[in-house]
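**Q** Quick one: the structure is below, questions incoming.
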Amino acid sequence: MSVSEGHRNLNITGVEKRFGSFKAVDNVSLTVERGEFLTLLGPSGSGKTTLLMMIAGFVQPDKGSIALGAEQITHLPPERRDFGMVFQGYALFPHLSVFDNVAFPLKVRKKPRAEIEERVRSALDLVQLTAQMDRLPRQLSGGQQQRVALARAMVFTPHLLLLDEPLSALDKKLRAELQEELKRLHRKVGLTFIYVTHDQDEALSMSDRIAIMRDGQLIQHGSPAELYENPSTAFVADFLGKSNFLRGRVETHAGDDIVFTSGRGRFRQRISGAKRPPVGSEIAIALRPEKISIVPPGTEMANTLTGTVTEWNYFGSEFRLVVSTQSFGSVAVAIPTWKSGVPPEIGQSLTLGWDAQAGMQVAES
Amino acid sequence: MTALVETARLPFARRLRSHPATRYWLMTAPAVLLMLVFYVYPIGRVLWMSITIPEPGLDNYTLLATSASIQKMLWTTARISILTTLVTLVLAYIVSYALVHATPHVQRWMFLGVVIPLWISVLVRAFSWFILLRREGLINTALLTAGIIDTPLSLMWNEVGVMIGMVHFMLPFGILPIYANMRDIDRRCIAAARGLGARPFEAFWRIFFPLSLPGVVGASILVFIFSLGFFVTPALLGGGKTLMVAEYIKVQILEVVRWGVGTMLATMLLVVIGVLLAVVSRVVNLRKLFGAG
């Protein structure tokens, strides 16, 4: 094994992969900082798994390059990259005990027996599975198998850890537990994690940085808060959390705000500086359901809108309503239960209000 | 007349209704009867004859310890069966490995190649080998004209010929269990092994090969048991010089009319196969191996 001299950045430059006429990954460039927890997020078929497989070395890019620090690894076979990987479904070796599964990467690296013994024990210790050392994978629960896969992927101190939807096979509660555990592990070992998922909640809660993919392209990347608060496109706004899209035509500029119209309504949105669209142009504003509140009729506010409730659902901590409006059709609203006052009723008409800063201008597509 | 039949049938029918189990027994009765008459009875007779002909006692069985010709024949049978099984396994493993890794389109054609020989009579296949293996056959002629050999190789009327023919016959029985097992091996395990630092051969040797062993064990029992009792191919390609147990039994019964010796050897064959299956069933799940789920 090449001794990892600290962990280095992973530089992905313009990689592309076609399967026949299908472009699975299209000109993706991305730098993964050492020690960071990066999530590749996208719907199925967005190319996130193909990108991960190219990083791991199982798929060869048609174009572009992948480098670890200064070292080119684009065409290096997987076994010479020293990347740990946790597969979807774990891919534990069914005929080997937990100990031998975890020892495998060390055995193929011809480590002395005593060192193997010691490192496997400490890796199993890390995931709290020392007691199950002699069991076979099929004798373990799903969560335990997942932890064996993790221990196996980390025992040889890889340059980075690749995780392909590692929690997708688990039930919701166990998932939440393991998310916590993964985060804790990440902080503890300081290893670079590249994590693939289609679950936006998982991505938001775990990552230092999220890269959102769609149709093989990298749409936007940044910290979870950045992406949530400043999505660049309607797709990102809708994929990371839910959004309403308010579409209209810019009527005037008023101070820091623009005024746009849709149907019979006029609305204000804070957009200043270079991103400000010219008067007369079409714009799309993403508005999170939780940024809308129910206000008494006639309230003075930047934006108000009346409508009738067509649907409502109780979620314990919040009500989620769908309100039918003249200007924007159906608008989703989320109100904390303790704030709602009266339980809403289908057919009830009410007034919605939101601030000029509440929305975010997004590009269509 | 009809009334008479009806009344006669009634108590019987009522009895059937009151005992559902009897009904099931009756349904299987024809099959059970068939087995008893055409299978259990003749085998019982064979066992009986082996200890009664020419006179009651175990004289026939002492021949196993005393007769040099029988010992030589049994040794030949064991040697040829073991070698055939080994060669078949190696070839079957390679073919199965190629099969599971082939694209679906190529796989269809390969399967056809595996299965078609099963449809051709074993006699026809043995005679086809004549054409290839004879002294003036295709292989010898080709090698001679190419100048690779000076004198024709003796490829038949000996153990080599017998083994070529037998391996050819046994291949599908080796390939199918091994292929079935390999198909169920999770390919991600191999990818995982590579990702964890194993070179392609190491990933095969440490992961794929151990996982494919149950199929290999299954195939080896199947092929070995078939080989032990093989008759047509050794008789034809061995040319009477390579005597295996099945042909020896035939000669004893049909030519020298020593029913006692023939049936004793048949009994031995049955016992050996029974013991083999019993031993192997402790290691692998036979029902699963032969497709009973």
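The values are calculated or read from the model by the stated rules, or taken from the named source; none is laboratory data. What you see is a predicted model, and the numbers here were worked out from it, not measured in a lab. Every residue, glycine among them, receives a Cβ derived from its backbone with ideal geometry; neighbour counts consider all protein chains shown. We work out accessible area using only protein heavy atoms, side chains counted, and drop any ligands, DNA or RNA first. Shrake-Rupley method; radii C 1.70, N 1.55, O 1.52, S 1.80 Å.
**Q** Given a cut-off of under 8 Å on Cα pairs at least six residues apart, what relative contact order in percent is computed for the stretch A:33-152?
**A** Numbers: 101 pairs, mean separation 28.6, N = 120.
For the stretch A:33-152, the relative contact order is 24 percent.
**Q** Along the positive direction of the dipole of chain A (beta-carbon charges: Lys, Arg +1; Asp, Glu -1; about the Cα centre), which of A:GLN348, A:THR192, A:THR39 reaches farthest?
**A** Of the candidates, A:THR192 comes out farthest on the positive side.
**Q** For chain A, which DSSP H helices look membrane-span-like by this rule: Cα extent along the axis of 24 Å or more and mean Kyte-Doolittle of at least -1.0? Mind showing how you got there, number by number?
**A** Numbers: long enough: A:172-189 (25 Å, -1.39).
The qualifying helices: there are none.
**Q** Run the numbers for B:LEU270 and B:GLU202: contour at 0.36 nm per residue of separation, minus the present Cα-Cα distance, in nm.
**A** Values: separation 68, 0.36 × 68 = 24.48 nm, distance 4.12 nm.
Stretched fully, the B:LEU270-B:GLU202 segment lengthens by 20.4 nm.
**Q** Among B:ILE148, A:GLY359, A:SER97, whose Cα projects farthest towards the positive end of the dipole of the protein assembly as shown, with charges put on the beta-carbon of Lys, Arg (+1) and Asp, Glu (-1)?
**A** The one lying farthest along the dipole's positive direction is B:ILE148.
**Q** First obtain the Kirkwood hydrodynamic radius of the stretch A:1-100 from its Cα pairs, then insert it into the Stokes-Einstein equation at 20 °C and 1.002 mPa s, and state the resulting D in µm² per second as a whole number.
**A** Values: Rh = 14.9 Å.
Rounded, D is 144 µm²/s.
**Q** Continuing with the same structure: Please identify the chymotrypsin sites (Phe, Trp or Tyr not before Pro) of the stretch B:171-211 that satisfy two criteria: DSSP loop assignment and at most 13 other Cβ atoms within 10 Å. Which are they?
**A** On the way: sites: B:PHE173, B:TYR179, B:PHE201, B:PHE204, B:TRP205, B:PHE208; in loops: none.
Passing sites in the stretch B:171-211 do not exist.
**Q** Still on this structure: Please enumerate, by chain and number, the aspartates and glutamates with C-alpha under 19 Å from the C-alpha of A:LYS242, excluding those fewer than 8 residues away in the same chain.
**A** A:ASP199, A:ASP201, A:GLU202, A:GLU226, A:GLU229, A:GLU290, A:GLU311, A:GLU318, A:ASP355, A:GLU364
**Q** Follow-up. Nothing charged except the Cβ atoms of Lys and Arg (+1) and of Asp and Glu (-1): what's the magnitude of the dipole of the protein assembly as shown about its Cα centre? Round to the nearest 20 debye. Numbers along the way, then the final one.
**A** Working: 66 positive and 51 negative charges, 299 e Å.
Dipole size: approximately 1440 debye.
**Q** Here's another thing I want to ask about it. What ratio of Cα Rg to 2.2 N^0.38 Å holds for the stretch B:67-292? Don't skip to the end; give the middle numbers.
**A** Numbers: Rg = 20.3 Å, N = 226, 2.2 N^0.38 = 17.3 Å.
The stretch B:67-292 yields a ratio of 1.18.
**Q** For the peptides A:304-314, A:353-363, what is the packing order when you average, over each peptide's residues, the other Cβ atoms within 10 Å and list the highest mean first? Display every interim value, and only then the final one.
**A** Details: A:304-314: 15.6, A:353-363: 19.2.
For the peptides A:304-314, A:353-363, the packing ranking is A:353-363, A:304-314.
**Q** Moving on to the next point. What is the magnitude of the charge dipole of the stretch B:67-292 about its Cα centre, with +1 placed on the Cβ of each Lys and Arg, -1 on the Cβ of each Asp and Glu, and no other charges, expressed in debye to the nearest 20?
**A** Details: 18 positive and 8 negative charges, 105 e Å.
That gives a dipole near 500 debye.
**Q** How would B:TYR41, A:TYR195 rank on accessible area, largest to smallest, probe 1.4 Å? Intermediate results must be reported in sequence, preceding the final value.
**A** Details: B:TYR41 140, A:TYR195 0 Å².
Sorted by accessible area, descending: B:TYR41, A:TYR195.
**Q** Could you work out the mean count of beta carbons from other protein chains within 10 Å of each residue's beta carbon in B:204-215?
**A** Mean inter-chain Cβ contacts per residue within 10 Å come to 2.
**Q** Any idea how far the Cα center of the stretch B:149-191 sits from the one of the stretch A:106-126, in Å?
**A** So the separation of the two Cα centres works out to 40 Å.
**Q** With a 1.4 Å probe and all protein chains left in place, how much accessible area per residue does the stretch A:306-365 have, in Å²? Numbers along the way, then the final one.
**A** Numbers: 3190 Å² over 60 residues.
Accessible area per residue: 53 Å².
**Q** I've got another one for you. Counting helices only, and only those DSSP H runs with n ≥ 4, report the 222 nm mean residue ellipticity of chain B as the sum of -39,500 (n - 2.57) divided by its residues, in deg cm²/dmol to the nearest 500.
**A** On the way: 16 runs with 222 residues, N = 293.
So the helix-based figure for chain B works out to -24500 deg cm²/dmol.
**Q** Moving on. Mind checking which of B:VAL256, B:CYS189, B:PHE209 is farthest towards the positive end of the stretch B:67-292's charge dipole, using Cβ charges of +1 (Lys, Arg) and -1 (Asp, Glu) about the Cα centre?
**A** B:CYS189
**Q** Can you sort A:SER272, B:SER227 by solvent-accessible area, 1.4 Å probe, largest first? Intermediate values should be presented prior to the final figure.
**A** Details: A:SER272 70, B:SER227 0 Å².
Ranking A:SER272, B:SER227 by accessible area, largest first, yields A:SER272, B:SER227.
**Q** Okay, next question. How many angstrom separate the Cα center of the stretch A:37-105 from the Cα center of the stretch A:254-327?
**A** Centre-to-centre distance over Cα atoms comes out at 44 Å.
**Q** Holding the Cα-Cα limit at 21 Å, pick out from A:LYS110/A:LYS183; B:LYS72/B:LYS250; A:LYS48/A:LYS188 the pairs that are longer than that.
**A** Working: A:LYS110/A:LYS183 31 Å; B:LYS72/B:LYS250 17 Å; A:LYS48/A:LYS188 26 Å.
Too far apart for the 21 Å limit: A:LYS110/A:LYS183; A:LYS48/A:LYS188.
**Q** Would you compute, from DSSP H runs of 4+ residues alone, the mean residue ellipticity of chain A at 222 nm, taking -39500 (n - 2.57) per run and dividing by the full residue count, rounded to the nearest 500?
**A** Helix-only estimate at 222 nm: -7000 deg cm²/dmol.
**Q** Can I ask one more? Given 10 Å bins starting at zero, what is the percent of C-alpha pairs of chain A in each, up to the one with the largest pair distance?
**A** Answer for chain A: a P(r) of 5, 21, 25, 21, 15, 10, 4, 0 percent.
**Q** If you don't mind, another one. What does the charge count around B:TRP259 come to, taking other residues whose C-beta lies under 14 Å from its C-beta (Lys +1, Arg +1, Asp -1, Glu -1)?
**A** Details: positive: B:ARG45, B:LYS250, B:ARG258; negative: B:GLU55, B:ASP59, B:GLU255.
Neighbour charge sum, excluding B:TRP259 itself: 0.
**Q** What does the highest-first list of A:258-265, B:211-218 look like by mean Cβ count within 10 Å? It would help to have the intermediate numbers written out before the result.
**A** Details: A:258-265: 17.0, B:211-218: 20.5.
Peptide ranking by packing, descending: B:211-218, A:258-265.
**Q** Then there is this: If one takes the accessible area of chain A alone plus chain B alone and subtracts that of the pair, with a 1.4 Å probe, what total in Å², rounded to the nearest 100, results? Walk me through the numbers on the way to the answer.
**A** On the way: alone 17250 and 18090 Å², together 33640 Å².
Looking at A and B, the buried total is near 1700 Å².
**Q** Between A:ASP134 and A:GLN357, what FRET efficiency comes out of the Förster formula 1/(1 + (r/R0)^6) with R0 = 56 Å and r the beta carbon distance, rounded to 0.05?
**A** Values: r = 60 Å, r/R0 = 1.06.
Taking R0 as 56 Å, the efficiency between A:GLN357 and A:ASP134 is 0.40.
**Q** If you don't mind, there's one more thing I want to ask. Ignoring ligands, DNA and RNA, please state the percent of accessible area on the protein assembly as shown from carbon and sulfur, probe 1.4 Å. Spell out each step's value before the answer.
**A** Numbers: 20610 of 33640 Å².
About 61 percent, which is the carbon plus sulfur part of the accessible surface.
**Q** Additional query: Could you give the nm distance between label points at B:LEU34 and B:TRP75, where each point is 7 Å from its Cα heading toward the beta carbon?
**A** So the two model labels end up 4.4 nm from each other.
**Q** Peptide A:76-86: average number of partner chain Cβ atoms within 10 Å per residue?
**A** Values: counts 0, 3, 10, 10, 3, 3, 3, 3, 3, 5, 2.
Other-chain Cβ atoms within 10 Å of each residue's Cβ, averaged: 4.
**Q** Here's another thing I want to ask about it. Where does each of A:ASP164, A:ASP134 land when they are ordered by accessible area, with a 1.4 Å probe and the largest first?
**A** Descending order: A:ASP134, A:ASP164.
**Q** How about the stretch A:196-244: which trypsin sites (Lys or Arg not before Pro) there are in a DSSP loop, with at most 16 other Cβ atoms within 10 Å of their Cβ?
**A** A:LYS242
**Q** Moving to a separate point now. Evaluate E = 1/(1 + (r/R0)^6) for A:GLU311 and B:ARG183, where r is the Cβ-Cβ distance and R0 equals 51 Å; express this FRET efficiency to the nearest 0.05.
**A** The computed FRET efficiency comes out at 0.55.
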